[in-house]
Amino acid sequence: MTMKNLSLLAVVAGMALATSGFAQEPIEVHLKNHRFTPNVIKVKANQTSVIMLHNDDDTADEFDSSSLKVEKVVPGHQKGAVRLRPLPPGKYPFMGEFHAATAQGLVISE
Amino acid sequence: MIPALIIVFREVIEAGLIVGIVLAATAGVPHRSRAVGLGVGTGVLGACLVAGFAGELAGLFQGSGQEFFNATILLLAVCMLTWHNVWMAGHGREMARELKAAGHKVKTGERTLLALSVVVGVAVLREGSEVVLFLYGIAAQGGTSASGMVAGGGLGLLAGAGVSALMYFGLLTIPAGKLFQVTSGLITLLAAGMAAQAVIFLQNGGWLEYFTTTVWDTSWLIKEDSIAGRLLHTLVGYSQAPNGAQLIAYAATILLIVILMRMVPQGGPARAPSAPKTHNA
């Protein structure tokens, strides 16, 4: 089992080296007063895209979306890259889980 | 108070279920409370550390440190669950015998306690770090919400402990002879679900961008955000729209565990040559 685990690890590490780095310019999104700006984000369908989330609030929040399969904590006054896998055309809601009352947004893939 | 209650409860459900399963899987094993306690304690400590260094962690690996960390600890938990099941497959009959002999403690089971306390630690750490960050955020805003936060957080924790107890006592109603089979089945699905979740983190970190196409979508039936969806997500790795890589990881984990469990001989390889004989007083 250890050999299998090791070889699996090696494969994963190899892929990490092969695919690291951003494919394209990230889409800048700001979180201020627990609201996203912009809160509607358009991406090209079936292409990888990256949202650079700037948390301008004092406290952390979690970019959370089950339809995008993303859970990412961004601490206050920091930024975090949210990678989106190639998405079929459609609407994908997301939220700041710690302030879900106001922090709501939508990714539109088209 | 209500948002705090909901968030804390949502986060502790997962850890609570895992603790319940681990407690049932180690029924009758001496010192298991100590091992589970150690796992919870280390998990809480780790959660505070991860929350405290969230910024530093996020900055690693070109901003994908969090994804790397989550994938790593999930895969660690998968390895520990696999080891537990394989070990149990080798010693299950022995343990069942001990359990049937009235008044006997199942000493044999102590060997896999450490593996399971790692699993508990990982579960608590993952969910706990979010709770810590969330509650810290509310506390930092100060004012009246602070007391509400303590009340909400406390109630959330209690509810999580309740889930854990329900799982545990529910499983204990299963006759001892069958309990091993049920818990190893549950642990196999738990491991498969965690492996699939690890794949998501690897994809989000940009390390595994293969088979990312959604294979099917059952969000119309059970939403992953709903309570039922979350319970199923934790227990059997339910995903409302799994992609190819997730399904491959899920199936491969089950296959690997089943094959390893079949391969291990009774009285298995995990026993050290100098191991003391099991309790026979």
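A short reminder: the numbers here are calculations on the coordinates, not readings from a lab. Computed from a prediction, not measured in an experiment: that's the story for all the values here. Virtual Cβ from ideal backbone geometry, glycine too; neighbours counted across all protein chains shown.
What list do you get for A:Thr48, B:Thr173, B:Thr213 if you sort them by fewest beta carbons within 10 Å?
Numbers: A:Thr48 19, B:Thr173 7, B:Thr213 12.
With the fewest neighbours first, A:Thr48, B:Thr173, B:Thr213 line up as B:Thr173, B:Thr213, A:Thr48.
If you stretched the chain out fully between B:Leu60 and B:Cys48, how much longer would it get, using 0.36 nm times the residue separation minus the C-alpha to C-alpha distance? Intermediate values should be presented prior to the final figure.
Details: separation 12, 0.36 × 12 = 4.32 nm, distance 1.85 nm.
Contour length minus the Cα-Cα distance gives 2.5 nm.
Sequence-distant or interchain residues sharing an amide H contact under 5 Å with A:Arg35, placed H: which?
Under 5 Å from the amide H of A:Arg35 lies no amide H from a residue far enough along the sequence or on another chain.
What FRET efficiency do you get for B:Leu114 and B:Ala165 if R0 is 25 Å and r is their Cβ-Cβ distance, rounded to the nearest 0.05? It would help to have the intermediate numbers written out before the result.
Details: r = 24 Å, r/R0 = 0.95.
Taking R0 as 25 Å, the efficiency between B:Leu114 and B:Ala165 is 0.60.
Extending each Cα 7 Å along its Cβ direction at A:Lys91 and B:Gln181, get the distance between those two points in nm, one decimal.
With each label placed 7 Å out from Cα toward Cβ, I get 4.9 nm.
For B:Ile259, B:Ile7, A:Ile108, which order do you get if you count the other beta carbons within 10 Å of each Cβ and list the fewest first? List each step's numbers first, then the result.
Numbers: B:Ile259 11, B:Ile7 22, A:Ile108 14.
Arranged by neighbour count, lowest to highest, B:Ile259, B:Ile7, A:Ile108 become B:Ile259, A:Ile108, B:Ile7.
Go ahead and estimate [θ] at 222 nm for chain B from helices alone: -39,500 (n - 2.57) per DSSP H run with n ≥ 4, summed, over the residue count, rounded to 500.
Working: 9 runs with 207 residues, N = 281.
Helix-only estimate at 222 nm: -26000 deg cm²/dmol.
Roughly how tilted is helix B:227-236, in degrees to the nearest 10 and between 0 and 90, from the longest Cα axis of chain B?
Helix B:227-236 and the main axis of chain B meet at about 40 degrees.
If each of A:Asn46 and B:Ser147 carries a label point 7 Å out from its Cα toward its Cβ, how far apart are those two points in nm?
Output for this residue pair reads 5.9 nm.
By how many nm would the segment from B:Leu260 to B:Arg97 grow when fully extended, if each residue of separation counts as 0.36 nm and the alpha-carbon distance is taken off?
Values: separation 163, 0.36 × 163 = 58.68 nm, distance 2.26 nm.
Full extension from B:Leu260 to B:Arg97 adds 56.4 nm.
Can you list residues whose amide H is under 5 Å from A:Val50's amide H, if they're 5+ apart or on another chain and H is modeled 1.01 Å from N?
Amide H neighbours of A:Val50, under 5 Å, 5+ apart: A:Ile27, A:Leu84.
If you take the square roots of the eigenvalues of the alpha-carbon gyration tensor of segment B:2-263 and sort them as a ≥ b ≥ c, do you get rounded (a/c under 1.5), prolate (a/b over b/c) or oblate?
Numbers: a/c = 1.76, a/b = 1.26, b/c = 1.40.
Since a/c reaches 1.5 but b/c is at least a/b, the shape of segment B:2-263 is classed as oblate.
To the nearest 10 degrees, how steep is helix B:244-263 against the longest Cα principal axis of chain B, on a 0 to 90 scale?
Relative to chain B, helix B:244-263 is tipped by roughly 20 degrees.
Report ³J(HN,Hα) in whole Hz for each residue of segment A:62-68, in order, from the Karplus equation J = 6.51 cos²θ - 1.76 cosθ + 1.60 where θ = phi - 60°; Gly and Pro get x.
10, 5, 9, 7, 6, 6, 8
Return the single residue from B:Gly237, B:Gly92, B:Gly52 with maximal mean-square fluctuation; model: Gaussian network over chain B, springs between Cα atoms under 10 Å.
Between B:Gly237, B:Gly92, B:Gly52, it is B:Gly52 that shows the largest mean-square fluctuation.
Might you report the magnitude of the Cβ-based charge dipole of the protein assembly as shown about its Cα centre, with Lys and Arg at +1 and Asp and Glu at -1, to the nearest 20 debye? If you can, show how the numbers build up before the last one.
Working: 27 positive and 24 negative charges, 329 e Å.
Magnitude of the dipole: close to 1580 debye.
Rank these for me by crowding, B:Phe68, A:Phe94, B:Phe211, going from fewest to most other beta carbons within 10 Å. All intermediate terms of the calculation are to be shown ahead of the outcome.
Details: B:Phe68 18, A:Phe94 25, B:Phe211 15.
Ranked by crowding around the Cβ, least crowded first: B:Phe211, B:Phe68, A:Phe94.
Remind me, relative contact order of chain B in percent, using alpha carbon pairs under 8 angstrom and six or more residues apart? Don't jump to the answer; show the numbers that get you there.
Details: 398 pairs, mean separation 90.2, N = 281.
Averaging sequence separation for qualifying contacts and normalising by length gives 32 percent for chain B.
Zone of B:Thr72 (label point 7 Å along Cα→Cβ, backbone N under 18 Å): which residues in segment B:30-64?
Counting only backbone N, you get B:43-64.
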